1. Counting just the residues of region 33-55 that are of a type in the set (Lys, Arg) and in a loop (DSSP other than H, G, I, E, B), which one comes out surrounded by the most Cβ atoms within 10 Å (Cβ to Cβ)?
2. Has region 68-91 got any residue that is under 15 Å from the mean Cα position of the chain (by Cα), among the aliphatic types (A, V, I, L, M) and more than 15 Å from LYS23 (Cβ to Cβ)?
3. Residue under question is GLY30, and the condition is that it be surrounded by fewer than 16 Cβ atoms within 10 Å (Cβ to Cβ), more than 27 Å from ARG55 (Cβ to Cβ) and more than 11 Å from the chain's Cα centre (by Cα); does it hold?
4. Output the residues belonging to region 56-67 that are in a loop (DSSP other than H, G, I, E, B) and either touching a strand residue (DSSP E or B) at 6+ places or on another chain (Cβ under 9 Å) or under 22 Å from PHE18 (Cα atoms) (or both).
Amino acid sequence: MTAPVYHRCARCGKKRAFVSSGKFRVNANGNLLDVWLIYRCEKCKHTWNLAVYERVRLSRLAPGEYERFLQNDPALAQQYASDPSFLKRNGAQFHL
């Protein structure tokens, strides 16, 4: 399990600790994909989706990566949840 990150919770109304659910949300819009890693507020369980890919073609993903997103591959979720640049790009903070 990864350390929590901090973000303003829309439900709690203040900055809270969020933890990775280990699950991805995948949405297709025509030929374009959106993929998010879902985080949850430790206090109220409100979700926060961190963008892995936004509006990309399936052909731009590494071979097999799409299937891993659909299967909620735990190792892939851990890889993203442990990547500081991914977390920063999504506005996560590492301390209160």
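1. From region 33-55, those of a type in the set (Lys, Arg) are 40, 43, 45, 55; that's our starting set.
Now restrict to residues that are in a loop (DSSP other than H, G, I, E, B): 43, 45.
Details: LYS43: 13, LYS45: 10.
Of everything passing the filter in region 33-55, LYS43 is surrounded by the most Cβ atoms within 10 Å (Cβ to Cβ).
2. Among the residues of region 68-91, at least one is under 15 Å from the mean Cα position of the chain (by Cα), among the aliphatic types (A, V, I, L, M) and more than 15 Å from LYS23 (Cβ to Cβ), which makes the answer yes.
3. No: the conditions fail for GLY30.
4. Result: LEU61, single match.
Here, each number is a calculation from the coordinates, and none is a lab measurement. All figures in this text were calculated on a predicted structure; none of them were measured in a lab. So basically every Cβ, Gly included, is an ideal-geometry build from the backbone, and we count neighbours across all protein chains shown.
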